Every structure is written in structure tokens, then in C-alpha cells.
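> Please find one structure pasted underneath; my questions will follow.
Since every read-out is calculated from the coordinates, none of them should be taken as a lab result. Source: prediction; values computed, not measured. All Cβ positions, glycine included, derive from the backbone under ideal geometry; neighbour counts span all protein chains shown.
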């Protein structure tokens, strides 16, 4: 770089910043004046230099000037100021930082959020007040911060914000509540299951997780009728964990749901619950147009050891290939009905490699001596 280029590179506060920083405390008055009087790139350079110095040398004199610079039209200036205010550590900056959570620029909001986290002890009361801000962006970012701070004293205020008019805020409340003990926030999460927004309801379901709280069972009995397929899927899954007989009628009905994944989940759950009442409906589900549902129904019938389904399973074994044939063999082995043995032997001799292992295991489970020659031939 030639001398002229070097000279140009240090023109203005942008290029002079590193040298002003090296001067340190003695440069603070001049930088404060520059922040107050300069505009554009020169103000940005002065703010950056002042921020670097203030990291090591606090100055109360710089604070009012930085607050004023926080209103600058230049988003880069506002971003640097937001970071500087957090590093100074003066709690009186909190209101301005909370207001900046609604800034139109992502970087400014991010810097303000980080500074508020650094000042979290002093910022906590103002953040709680920020939940009532008319600006949606402010409310959303305050909720996120309260989740990150994890102060249990925020839970009542977050519960109140669960009624916010904005669905995005309500989603953020759910995410924040995840950071606390489930037992302390479960009532609010359960309330979210009746939210008018399907995304909010689904997020609440997923946040509750594997809770065995009886209130979740009651909610799931309602939500299995939800208009949203993903929510019906969650409801079926939740009801399966409870294994309560009073849920059988609605789960059996879910076998005819328009959503294929709900039908699959319903078949799986019926197998887990293990009530023989589900046998006829599961046998009917073997005719479902979607293979995933048929596979789930076969697996469930095997778990139930449903004798009445044996003829239908034998038919699948005879006419199907691949996973359907394999699952049918496994189910017949679990049921243990010897009437399936001839068909199992026949298919075994057809040398369908995909299902051979399942058929051999099934014949071994059934234990009919008639199968010995066929099993011996494969050794």
C-alpha cells in the first residue's frame, strides 16, 4: 500500500479508531464530542472507538451521548451503541434497550437482546413490563429473553401473555415455558391446546411431551377431533401412552381418518393397548389403500394374537411380496395358529429371499412338526 492510500485509510474516525483506542482514557472527551456532533461514518467510527475504550475504562460521561446516538438513523450506529450499553453495565440503559427490541433491523434487535441478557438482573422488572408493550416485536423478543434468563418469577407474567392477540407471541411463550419445570407450566400449556391457531396448538402438544397427567388424557380426547391432522396425530399418540379403555372408541374411529399418518398411528396404538375389541377394525384396515396403514394393521394384529384375522393374514402371505408378506409372516408367528403352516411352507419354498427369515421364525414359533422337513431343507 502506497503512502497516499495509507493516508486516505486513516481519514475520518473510521480509520483513526484503532489509534484513538490506543490512547485510551484521554481520548474519551474528544470521542464523546465526536459522537455528539458528527454524522454518518465519522459518528460510527467514534462510537466504535468509544465502545472499545469503555470496555476497559467505564465513563458515566459517555452514557448520555450514547443514549442519544441510539436514535441515529444509521442502523450500524444503533447496533454498536446497543452492544456498548450492555458492556457499560449501567442498568439505566435498560428501558432504551427494551425499546430497541422493536427496532426494524435484525442486528440492532440482536445486540439489544444480548445486552439485556448481560444486564438480566437489573433488566428483569422492565422486561416484565415489556410484555405489555404495544409493539409486537418488543413483546416477542421480551418473551424469548425471559425464556433464556429462566427466572421462575417470570412464569406468572408469561402465563398471562399466553392470551396475547398475536399468534407469534403465543408461540414464543410456549418456547419460553419449555425452559421451566413442566409441572410449573403444564396448566398453561394445556390451555394452549384450545388455542384458535393450529400451529400454536401443535407446538403446545409437542412441548408437553410424554406427560402422564390425567388432564392431558382429557385434552387428547377432545383434540382427536381437531381440524388439523397433525394435532389429531399427536392426540392419538398421547392416548396410546395412557392405554385407557375409554379411549378405544375414538382411536377405532381414527382408523378411518382422512390423514394417512393418523390411521397408521391409530393402528399402532391399538396394537399397543392390546384390547381384542380392536381386532375386527384392524382386520378391515388390511384393505386400506395405503400400504403404511396395512403394515401397521398387520403388526397390531400380531400383537393382539387375533385368531379371527388369520385367514386375512394368510391371504396377504400368499398374494403379496416384500414388507407386507414379511409382516404377515411375523404376525402369524406371533398368533401361533397352525392353520397358517401350509401356506408358510409353500411361500418358504418359493425362495422369496425378502421374507424367508420371517417365515422361518414364524414356523419355529408355531412349532408344528409338519414344518420340520421344510426347515431342514434350508439348512
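> Determine the distance separating the Cα centre of the stretch 18-70 from the Cα centre of the stretch 94-122; give it in Å without decimals.
Centre-to-centre (Cα) distance: 20 Å.
> What value, in deg cm²/dmol to 500, does the helix sum -39500 (n - 2.57) over DSSP H runs of n ≥ 4 give at 222 nm once divided by the residues of the chain?
On the way: 25 runs with 270 residues, N = 379.
Theoretical 222 nm ellipticity from helices: -21500 deg cm²/dmol.
> Shifting gears a bit: Rounded if a/c is under 1.5, else prolate if a/b is larger than b/c, else oblate: which is the chain, with a ≥ b ≥ c the root eigenvalues of its Cα gyration tensor?
prolate
> Kindly put 222, 201 in sequence by how many other C-beta atoms sit within 10 Å of each C-beta, fewest to most. Write out the running numbers ahead of the final one.
On the way: 222 12, 201 23.
Listed from fewest to most nearby Cβ atoms, that is 222, 201.
> Just to confirm the number: angle between the C-alpha axis of helix 106-118 and the first principal axis of the chain, 0 to 90 degrees, nearest 10?
On a 0 to 90 degree scale, this one is about 90.
> With a 10 Å cut-off between alpha carbons and a GNM built on the chain, which of 228, 56, 194 moves the most?
The residue with the greatest mean-square fluctuation here is 56.
> Distance between the C-alpha centers of the stretch 177-205 and the stretch 308-332? Whole Å please.
42
> Classify the stretch 318-379: rounded, prolate or oblate, from the alpha-carbon gyration tensor (a ≥ b ≥ c, eigenvalue square roots; a/c under 1.5 rounded; otherwise prolate if a/b is larger than b/c)? Don't skip to the end; give the middle numbers.
Details: a/c = 1.71, a/b = 1.15, b/c = 1.48.
Taking the square roots of the gyration eigenvalues as a ≥ b ≥ c, the stretch 318-379 is oblate.
> Which of these, 309, 350, 36, has the largest mean-square fluctuation under a Gaussian network model of the chain (Cα springs below 10 Å)?
Residue with maximal mean-square fluctuation among 309, 350, 36: 350.
> Using Cα springs under 10 Å in a Gaussian network model of the chain, which residue among 34, 46, 26 shows the largest mean-square fluctuation?
Result: 26 has the largest fluctuation of those listed.
> Classify the stretch 210-304 as rounded, prolate or oblate from the Cα gyration tensor: take a ≥ b ≥ c as the square roots of its eigenvalues, call it rounded if a/c is under 1.5, otherwise prolate when a/b beats b/c and oblate if not.
On the way: a/c = 2.08, a/b = 1.36, b/c = 1.53.
Note, shape of the stretch 210-304 comes out oblate.
> Here's another thing I want to ask about it. Going from the alpha-carbon gyration tensor of the stretch 152-191, what semi-axes, largest first and in whole Å, does one get by taking the root of 5 times each eigenvalue? Can you show the working numbers first?
Details: eigenvalues 48, 19, 16 Å².
Taking √(5λ) for each eigenvalue gives 16, 10, 9 Å, largest first.
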